[in-house]
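Just so you know, all these numbers are worked out from the coordinates, no wet-lab data involved. Since the model is a prediction, treat every value here as computed from it, not as a measurement. Cβ sites come from the backbone with ideal geometry, for glycine too, and all protein chains shown count toward neighbours.
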Amino acid sequence: MLKGKHITLYVTGGIAVYKSLNIVRELIKNQAEVQVVMTKAAQEFVTPLTFATLSQRPVLTDNFVAQSAQDDFIPHIKLARWTDLAVVVPATANIIGKLANGIADDLTSTTLMATSAPKLIFPTMNTTMWNNPAVQTNINTLNLMDIRIVDPDSGFLAEGEMGKGRLPELNTIMVEIFKMFTKPLLAGTNVIVTAGGTKEAIDPVRFIGNNSSGKMGIAMANVAADMGAHVTLITTVHDSLSSPNLNEIKISTALEMQKELENHFESSNVLIMAAAVSDFRPAHKADQKIKKNDDKELYTIELKKNPDILKEIAKKKSGQFVVGFAAETENLIPYAKKKLHEKNVDMILANDVSKAGSGFNVDTNEITLIRHDKDPETWPLMSKSDIAAKFWEYYEQNIK
Ligand code: PMT
């Protein structure tokens with residue numbers, strides 16, 4: 001897939017520079033043409049000669065002298081046009097800040113700004129730096145600019161501490177590079193995902209809620225966005241956005257969720273209802289915090305039935321593929337089949353939430369996929385991200 005592709009590898013100054021050597025080797029092994037550009041700081045860690053030897057072409061550095069094998073090479077414009085994919089690895093807080101703020105003061109930043117090629121960035125730095133609000137603001141800006149940022153890994157850092165900031169493993173980096181050349185399978189698909197447990201207010205400080213962490217729904221949303229879908233995530237919990245394709249709408253109650261769903265459903269192709277919606281809400285929300293009374297033992301909250309959001313929205317289907325979840329503690333398949341019919345949805349992803357490692361507030365789940373006129377299909381226990389990847393692969397192959 002990389003054969004003949006022009007990849008420009010920008011190496012900026014961090015301790016992980018030496019790891020970029022292996023990336024060059026892998027790219028060359030995959031028959032890509034690799035042009036390395038090094039900042040001044042990067043050259044303090046590894047010499048350009050090492051990169052030139054591995055990439056089989058002279059390295060461009062920040063002194064603006066034409067160093068290419070081609071005589072007429074004008075570095076920043078020609079290189080910008082030559083490039084099919086620009087990879088910045090490792091990417092320092094400095095280059096991230098320059099790109100986010102339009103500063104072009106060396107060959108690396110100038111060329112990155114002059115190229116219209118897709119950009120893939122692997123930040124590595126000290127954990128405190130990574131968490132610095134200025135760095136995070138710059139990362140968000142780059143996300144909005146459609147630049148793909150791969151979050152650093154957590155682990156042992158060069159300064160002898162554990163934390164987030166490490167360069168991901170070579171294999172992960174290569175998968176990300178391959179992905180940049182793969183046609184997004186869900187491009188043009190509008191997806192709505194609901195996630196998290198609704199919160200139904202009793203008074204200004206208390207609510208009826210549940211244990212849903214939003215992990216299952218957020219995984220569904222992130223993977224779909226990574227596969228090119230445009231995703232609207234209607235959620236009670238906030239997550240840092242993994243993709244510019246993801247639009248997060250934060251809500252609290254079932255009624256707010258229903259309203260947002262109604263606003264977006266008509267223009268969607270797929271709905272994934274992973275949220276744990278409260279079936280009831282307090283009939284009246286107290287204006288002030290309810291005081292306890294020393295003489296009173298028993299308190300009553302009158303509850304009102306919430307709408308069955310999924311059942312109601314499914315009545316408005318006009319070609320959308322509607323997926324519900326079923327959270328059960330017994331009779332998983334019969335109960336889930338009942339929901340499939342009663343709510344008139346196209347698929348139910350049933351999970352037995354009483355099983356260890358399944359359901360609420362854990363990173364894994366065991367799903368049984370239930371469709372009309374098809375045998376149930378049970379997938380083994382796996383991470384919620386893997387379930388999401390398997391689900392969207394299934395959708396792409398069997399339904400889309
Ligand atoms: O968020 P996590 O911690 O990762 O946990 C994931 C999960 C267990 C919450 C998720 O996998 C899951 O099962 N979500 C659905 C939970 C639920 O409300 O199940 P249910 O069987 O009660 O409802 C069936 C379907 O109807 C669900 O799609 C639900 O979103 C929907 N529903 C339910 C009640 C209601 N009033 N309106 C609805 O739309």
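A compact table of results
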| quantity | calculated |
| --- | --- |
| Beta bridges per DSSP with both ends in the chain, % antiparallel, nearest 5 | 30 |
| Exceeding the 19 Å Cα-Cα cut-off - candidates K215/K289; K78/K183; K119/K183; K315/K338 | K215/K289; K78/K183 |
| Dipole-positive endmost among G324, T115, A314 within the chain (Cβ charges, Cα centre) | A314 |
| Which of A219, I149, L167, positive extreme of dipole for the chain (C-beta unit charges) | A219 |
| For the stretch 301-400, size of Cβ-based charge dipole, Lys and Arg +1, Asp and Glu -1, in debye | 480 |
| When the stretch 190-398 is reduced to its Cα atoms, the Kirkwood hydrodynamic radius in Å | 17.8 |
| Segments 148-155, 6-13 sorted - mean Cβ within 10 Å per residue, highest first | 6-13, 148-155 |
| The stretch 296-378: GluC sites (Glu not before Pro) in DSSP loop, at most 16 other beta carbons within 10 Å | E297, E302, E330 |
| Pairs from K285/K305; K339/K400; K250/K390 whose Cα-Cα separation, in the structure shown, is over 20 Å | K339/K400; K250/K390 |
| Tail beyond 21 Å, pair distance distribution of the stretch 6-179 (Cα, percent) | 43 |
| Farthest toward positive dipole pole in the chain [+1 Lys/Arg, -1 Asp/Glu at C-beta], among L298, G196, H284 | H284 |
| Estimated dipole of the stretch 190-398 in Debye, rounded to 20 [Cβ of Lys and Arg +1, of Asp and Glu -1, Cα centre] | 480 |
| All-pairs alpha carbon distance profile, the chain, 20 Å steps from 0, percent | 24, 45, 26, 5, 0 |
| Spatial extent of the stretch 1-57: Rg and Dmax, with the Cα atoms as the point set, Å | 10.8, 33 |
| Relative contact order, percent, the stretch 190-398 [alpha-carbon distance under 8 Å, six or more residues apart] | 20 |
| Percentage relative contact order, the chain, counting C-alpha pairs under 8 Å, at least six apart | 10 |
| For the chain, calculated [θ]222 nm from helices alone, where every DSSP H run of n ≥ 4 adds -39500 (n - 2.57) | -10000 deg cm²/dmol |
